[in-house]
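Some notes on the structure that comes next.
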Amino acid sequence: VMISNKQENGRYIGAVSAGDYWHSDLSCQARPNKASFLYALELPAEGGDTGFCNQYRALETLPDDLRQKIKGRSGIHTFNRMRNPRVKVPVMYDKEDAQMRYSDRAPDDGVHPIIRTHPETGRKALYVSHRFTVGIADMDEAEARPLLDALFEHQLRPDLIYRHKWQPHDLTLWDNRCTTHHAYGGMPPGQIRHMHRTTLAGDVPF
């Protein structure tokens, strides 16, 4: 997949808004990606960094009262931005086009444990994200929204995050089962950020 703000014949050649909010790749699917590679081909003079958040540590440092509230609970993950009040529809899409892209074509929701067990390490990690997690199964929105907000705020602790400043031809690899990531933006107008991304198929979270 091309992650790019390049244009040819007036159209973007890749995903422009990919990574604009914290997420684990395609957690909205029944079998989310287990790992991702991102390779930098062209970079802006400044900006365009990528942040990575350690979800093992996010869970380990979570206050006990929050951990008890999410114990045994599952998060609802959706691709459809129109259903997520915490994110915006990219400005390059008008409302009609956005509904087509994010409603009619959106895959079914993924429902996954908020405390996820890594199938290889056996360690537990926090498995929610700003971009995809819109609710908690069997919990009304009035109760779920502030709980998710508290989890998202906790994930932004600086000690949980590594910020990668890209160099040409850098290749990063991360584990989506215990990591979230985010593209910071901040690029000067007209400058190019052009990357290739590859993902590995995963298993059903448990």
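Sequentially through segment 3-11, phi angles give Karplus couplings (6.51, -1.76, 1.60; θ = phi - 60°) of 9, 7, 9, 5, 10, 9, 6, x, 10 Hz, Gly and Pro residues having no value and appearing as x. When each of the peptides 140-152, 11-23 is scored by the mean number of other C-beta atoms lying within 10 Å of its residues, the order from highest to lowest reads 11-23, 140-152.
With R₀ set to 35 Å, the beta-carbon distance separating K165 from A201 gives a calculated FRET efficiency near 0.75. Label positions at Y184 and Y39, each projected 7 Å from the Cα along the C-beta direction, are separated by 2.5 nm.
What does DSSP give for the chain in terms of the percent of beta bridges that are antiparallel, rounded to the nearest 5? Please report the intermediate quantities before stating the final value.
Numbers: 37 of 38 bridges.
Rounded to the nearest five, the antiparallel share is 95 percent.
Summarising the label geometry, the points placed 7 Å from Cα in the beta-carbon direction at V111 and A137 lie 0.5 nm from one another.
Once C-alpha pairs closer than 8 Å and six or more residues apart are averaged by separation and normalised to the residue number of the chain, the relative contact order reads 46 percent. Ranking of F206, F79 by neighbouring Cβ atoms within 10 Å, starting from the fewest: F206, F79.
Which angle from 0 to 90°, rounded to the nearest 10, does the C-alpha axis of helix 141-155 make with the longest principal axis of the chain? Tilt relative to the chain: about 70 degrees.
With viscosity set to 1.002 mPa s at 20 °C, what whole-number translational diffusion coefficient in µm²/s follows for segment 2-200 from Stokes-Einstein and a Kirkwood radius over Cα pairs? For these conditions, the coefficient is 121 µm²/s.
No lab work stands behind these numbers, since they all come straight from the coordinates. Remember, it's a predicted structure, so these values are computed and weren't measured experimentally. In this analysis, Cβ positions are derived from the backbone assuming ideal geometry, glycine residues included, and neighbour counts consider all displayed protein chains.
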